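Structure first, then comments.
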Amino acid sequence: MEKLHNFINGAYLEPKSGEYIDNYEPATGQIYSWIPDSDSDDVELAVEAAEKAFPIWSAMSVEERSKILVKLSEGIDKRMDEFVAAESKDNGKPITLARHVDIPRAVSNFHFFATAILHFASESHYMEGVGVNYTTRKPIGIVGCISPWNLPLYLFSWKIAPALAAGNCVIAKPSEITPYTAYLLGKVAQEAGLPNGVLNILHGTGPKVGDAIVKHPKIKAISFTGGTKTGEYIARTAGPMFKKLSLELGGKNPNIIFSDCDFEDMLSTTIRSSFANQGQICLCGSRIFVEKSIYPRFKEAFVEKISKSKVSFPEDPKANLGAVVSEPHMEKILSYIELAKQEGGTILTGGKRVHLDAPHDKGYYIEPTIIEGLSFDCRTNQEEIFGPVVTITPFETEEEALMMANSTQYGLAGTIWTSDLKRAHRVADQLQSGIVWINSWLVRDLRTPFGGLKASGVGREGGWEALRFFTEAKNIFIKY
Ligand code: NAD
């Protein structure tokens with residue numbers, strides 16, 4: 001069985017404790033590798049390495065840093081097949097999705113920030129007859145990046161790339177459920193010529209190594225993506241230490257569909273926005289609100305298409321959905337389907353675990369599930385399920401749709417389907433969410449602010465927002 005290692009100071013190392021934890025393949029339910037069960041001793045080692053590397057990395061010209069990060073991006077691209085296979089095996093997602101979305105996006109993340117940093121400029125504020133202010137933006141020092149399992153390398157690199165581009169040294173921790181592509185990234189960093197200690201990748205559990213990263217006094221900023229409960233704990237821990245914090249948390253995103261939309265475009269996009277990556281994308285729309293006049297047509301067409309979608313093992317090129325990420329997560333999703341029934345919901349399609357043939361008979365597969373008949377404020381419609389489960393609910397007026405859409409504690413993303421331009425702007429303006437897609441979904445421009453309101457997080461990633469987060473601003477005034 002393969003043992004993964006931590007990547008510290010440019011080398012692959014065993015965890016100090018010598019302890020490992022099991023890594024499961026969701027498609028088969030079998031253990032296929034072991035990952036370091038790292039703890040505070042490993043964090044200490046990584047911090048020592050980062051401290052030594054920081055003066056070298058931060059003093060390099062942006063052009064030099066940019067060149068190395070471009071090589072890192074190209075290095076992932078060159079190993080595309082290896083990364084795609086690893087991501088799909090580790091996460092359970094269809095291999096086609098890893099090939100078309102996850103790994104190309106990791107390539108883009110490094111390339112985008114490698115080049116963005118060349119254009120990053122600081123401000124100056126001129127005061128007529130008085131003097132001038134100019135603002136410097138320096139790297140923070142050592143920063144922590146902690147990411148989840150749903151889009152493993154995609155989200156890991158989304159944090160690491162701007163942090164490195166801005167001149168910081170990074171201690172990064174991927175999810176213990178999907179460690180493999182982060183493990184491979186160390187090799188690419190070596191090949192790209194990233195100086196030792198600039199990027200350190202530690203594996204292990206949140207409460208052990210994650211917590212040690214959050215609590216380490218020399219790690220000055222934490223960029224975290226994951227669940228709202230974990231985010232709250234991290235805020236409580238890092239807040240009193242005055243660390244800079246970026247928190248990208250859970251969601252329960254609404255899709256609002258008006259009767260004047262382009263029906264076919266809406267339908268095919270809603271299928272993706274509901275079930276892509278088995279519904280395990282923080283941006284998936286899980287509460288679908290449909291104007292009453294087209295509700296029966298939508299329901300019939302949506303259920304018909306979804307009931308024909310293929311749940312299969314990740315290597316199957318015809319798979320629409322693969323495995324969900326873990327057994328506990330599968331149980332959680334199934335328990336929410338049971339809850340929906342208890343709350344009076346009707347399962348229109350799906351609702352059950354799928355058992356494939358050997359060797360995938362112990363894999364974690366769930367039918368894409370559509371539920372109707374629930375009140376907007378029941379638990380099924382308020383709590384994040386993060387799986388292939390959506391609810392559909394009719395509405396009569398724009399006000400009612402907005403009231404239901406805004407009724408949860410979350411505020412990450414929303415979609416609006418309408419041909420009425422005025423209404424599109426009006427509803428987008430009133431949606432309590434950080435991201436709104438009108439007549440589309442998941443169209444991403446890496447320059448735009450990315451993040452949520454309310455319990456969906458604090459701060460924004462992407463473009464200048466990320467580079468500002470990973471730098472410390474200082475204003476200097478000079479009198480005439
Ligand atoms: P999680 O909170 O359980 O874990 C996320 C990461 O935090 C993992 O690496 C984990 O090991 C680590 N962690 C756990 N406890 C920790 C602690 N006490 N201290 C430090 N680190 C700790 O989340 P998950 O189950 O991996 O991911 C699913 C969640 O992520 C969902 O809620 C989803 O909505 C959210 N998510 C949000 C976004 C976004 O951009 N807003 C994107 C993807 C996923």
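The values are calculated or read from the model by the stated rules, or taken from the named source; none is laboratory data. Just so it is clear, the model here is predicted, and its values are computed rather than measured. With ideal geometry, Cβ positions are generated from the backbone for all residues, glycine too; neighbour counts draw on all protein chains shown. Accessible surface is based on the protein model in full, side chains and every heavy atom, while ligands, DNA and RNA are left aside. Shrake-Rupley method; radii C 1.70, N 1.55, O 1.52, S 1.80 Å.
Side notes on the structure shown:
- Given charges at beta-carbon only (K, R positive; D, E negative), |dipole| of the chain in Debye: 1000 debye
- Residues residue 32 and residue 305, FRET efficiency given R0 of 45 Å [Cβ-Cβ distance, rounded to 0.05]: 0.85
- Between 0 and 90°, nearest 10: helix 180-192 axis offset from the chain longest Cα axis: 40 degrees
- Residue 480/residue 64 FRET efficiency (R0 41 Å; Cβ-Cβ; nearest 0.05): 0.65
- Two-site FRET efficiency, residue 315 against residue 443, from Cβ-Cβ distance with R₀ of 22 Å, rounded to 0.05: 0.20
- Rg and Dmax over the alpha-carbon atoms of the range 60-189 stand at 17.4, 64 Å.
- Of the chymotrypsin sites (Phe, Trp or Tyr not before Pro) found in the range 238-326, those in coil by DSSP whose Cβ has at most 14 other Cβ atoms within 10 Å are 242.
- Helix 421-430 axis, angle to the chain major axis (alpha carbon atoms, nearest 10°): 60 degrees
- Farthest toward the positive end of the dipole of the chain, out of 441, 189, 13, is the Cα of 189, where the dipole comes from beta carbon charges about the Cα centre.
- Share of pairwise Cα separations in the range 411-480, more than 20 Å, in percent: 44 percent
- Taking all Cα pairs closer than 8 Å and separated by 6 or more residues, the relative contact order of the chain comes to 19 percent.
- DSSP finds beta bridges in the range 253-445, and of those with both partners inside it, around 20 percent are antiparallel.
- Theoretical gain in end-to-end length, residue 17 to residue 403 [0.36 nm per residue, Cα-Cα removed]: 133.7 nm
- Within the chain, the longest run free of exposed loop sites, counting trypsin sites (Lys or Arg not before Pro) that sit outside DSSP helix and strand states (H, G, I, E, B) and have at most 14 other Cβ atoms within 10 Å, spans 1-217.
- Counting only Cβ charges, +1 for Lys and Arg and -1 for Asp and Glu, the dipole size of the range 1-111 around its Cα centre is about 600 debye.
- All-pairs alpha carbon distance profile, the range 108-253, 10 Å steps from 0, percent: 11, 38, 32, 13, 5, 1
- Split the accessible area of the chain by element, probe 1.4 Å, and carbon with sulfur accounts for 54%.
- Along its first, second and third principal axes, ordered by size, the chain spans 68, 66, 40 Å in Cα coordinates.
- Rounded to the nearest 10 degrees, the inclination of helix 103-119 to the longest alpha-carbon principal axis of the chain is 50 degrees.
- Rough spin-label spacing in nm, given labels placed 7 Å along Cα→Cβ, for residue 122 and residue 358: 6.6 nm
- Alpha-carbon centroids, the range 306-329 and the range 207-253: separation in whole Å: 32 Å
- Given +1 at the Cβ of Lys and Arg, -1 at the Cβ of Asp and Glu and no other charges, the dipole of the range 300-456 around its Cα centre is 380 debye to the nearest 20.
- Heavy atoms of the protein chains alone define the surface here; on that basis the chain has 40 Å² accessible area per residue at 1.4 Å probe size.
- Summarising the amide proton neighbourhood of residue 20: residues at separation of 5 or more, or on other chains, whose placed amide H is nearer than 5 Å comprise 37.
- Between the C-alpha center of the range 379-444 and that of the range 105-151 there is a gap of 31 Å.
- Antiparallel bridge percentage (DSSP; both residues within the chain; nearest 5): 45 percent
- Separation of the residue 232 and residue 421 label points, Cα + 7 Å toward Cβ, nm: 4.4 nm
- Farthest toward the positive end of the dipole of the range 253-445, out of 268, 417, 344, is the Cα of 268, where the dipole comes from beta carbon charges about the Cα centre.
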